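The values are calculated or read from the model by the stated rules, or taken from the named source; none is laboratory data. This is a predicted model, so every value here is computed, not measured. Cβ placement follows ideal geometry from the backbone for every residue including glycine, while neighbour counts extend to all protein chains displayed. Accessible surface areas use protein heavy atoms only, side chains included; no ligands, DNA or RNA. Shrake-Rupley method; radii C 1.70, N 1.55, O 1.52, S 1.80 Å.
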Amino acid sequence: MSSDFILDRGSAEYFHGRKEIIDTFNSALKVFRKKKNGTTFMIQGAPGAGKTALLDVLSKHAKKRGWKTAHIYPNVLWNPHELLPLLRKRSGHQVTGLGAGGGVGNVGTANLSIGVRPPTHTIIKLLRKQRKPLLLILDEAQALGLKDVVPPEMKGVVTSVLKQIHNGDLGKPVMLLAGGLGTTEAALSTFGISRSMRKCRVLLGCLSKESTCAVIRDFLIHEGGVSKPPLEWIEAIEERTHRWPQHIISYADPAVKYLASHQTLKDEGLNMVLQQGRAEQIEYYKVRVKGIDRKKRQVLAKIFADVPLGETMEFEDIMAVLENEYPPEVAEALFNKALERGIIDEREDEDYGIPIPSFHSWLVDEYANGKD
């Protein structure tokens, strides 16, 4: 499979698990609706952990509980012309003349003049005018920390808007559901969002064995056409996915294709599926290290060469090795790049590890053991 066509984002066709996170989120919806304020609910994790799928599921839970939902992009945090159409979506109001250029638009029936007041005032007014509790969903939230994403002259606007949402200062139930990679928390902190309630800060990892098997079973039944998938197939695939959502797809797709052409579950078919799934896993790992030169990949791999699979290292220890190889600014940039690419992810208390055991093994074998 070409690495250019590997997808690791999107809603899940078959979703199981994450019950504790969903329950916590639903409790937050109830609490902040009652108190008429809000917060930031952050979901941070490595690529392929299922963040976008989880955001989609949480959005559906919010809608069922009477919340209006709006999927937003970073620019709506400083550009009311981009925010208004998202808030008016499905409301029956017609919005015309709005665009990224910042010109004053004509808003049918909205009775709101945009562009004559500072952006902060207008955005806050738009958020406060919502009749229903409002959930703003920002995927890829780590982009807020990237250079030039937020114009320098708009950083104050974004800071004010995010802080008022986070601190519940709007007088209305407004929550920001932010999902992103390992640099998301650091990105939000640059805008004053440095302290979050523990339960509203999620470090997303792998699924449970039960949930993984349930997703595999759904694929085999609904797409493979198998009325009763054998436990042998489900457990063999589950073991090799390491319960990582992206890897479930890596094995489920070959399984479905095999069943479409053979209509039977034989041992040789399972072996073929496992081989093809492993090949797709490796292609996925190649995508993750893309953009980091070979020498730096070797340095990262050697750091974790003696770390047991699934174990972590402290931030200070990782940086000590990197700074022994590179100037501090280069070492920091490499660490952040490794987070962005999902080569490492954060656990608790600033411990970091390679998120998937098979990725850990591949990286060490490929770059730390002298392999060309």
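Which GluC sites (Glu not before Pro) from the range 277-372 combine a DSSP loop assignment with at most 15 other Cβ atoms within 10 Å? Mind dumping the intermediate values first?
Working: sites: Glu280, Glu283, Glu311, Glu314, Glu316, Glu323, Glu325, Glu329, Glu332, Glu340, Glu346, Glu348, Glu350, Glu366; in loops: Glu311, Glu348, Glu350.
Loop-located and lightly packed - Glu311, Glu348, Glu350.
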Accessible carbon and sulfur surface of the range 275-328 relative to its total accessible area, %, 1.4 Å: 48
For the range 286-372, just say rounded, prolate or oblate: build the C-alpha gyration tensor, square-root its eigenvalues into a ≥ b ≥ c, call rounded for a/c under 1.5, and beyond that prolate if a/b exceeds b/c, oblate if not. rounded
In deg cm²/dmol and to the nearest 500, what is the mean residue ellipticity at 222 nm of the chain if only DSSP H runs of at least 4 residues count, each as -39500 (n - 2.57), divided by the residue total? -15000 deg cm²/dmol
To the nearest 10 degrees, the tilt of helix 294-303 (Cα long axis) against the first principal axis of the alpha carbons of the chain is 80
Cβ-Cβ FRET estimate between Lys147 and Lys199, R0 fixed at 25 Å, reported to 0.05: 0.20
Accessible area per residue for the chain in Å², computed with a 1.4 Å probe and the full protein assembly in place, what is it? 49
Let me understand the chain better: what is its radius of gyration from the alpha carbons, and its Dmax, in angstrom? 22.8, 70
Go ahead and set up a Gaussian network model of the chain, Cα springs under 10 Å, then flag whichever of Leu126, Leu54, Leu83 fluctuates most. Leu126
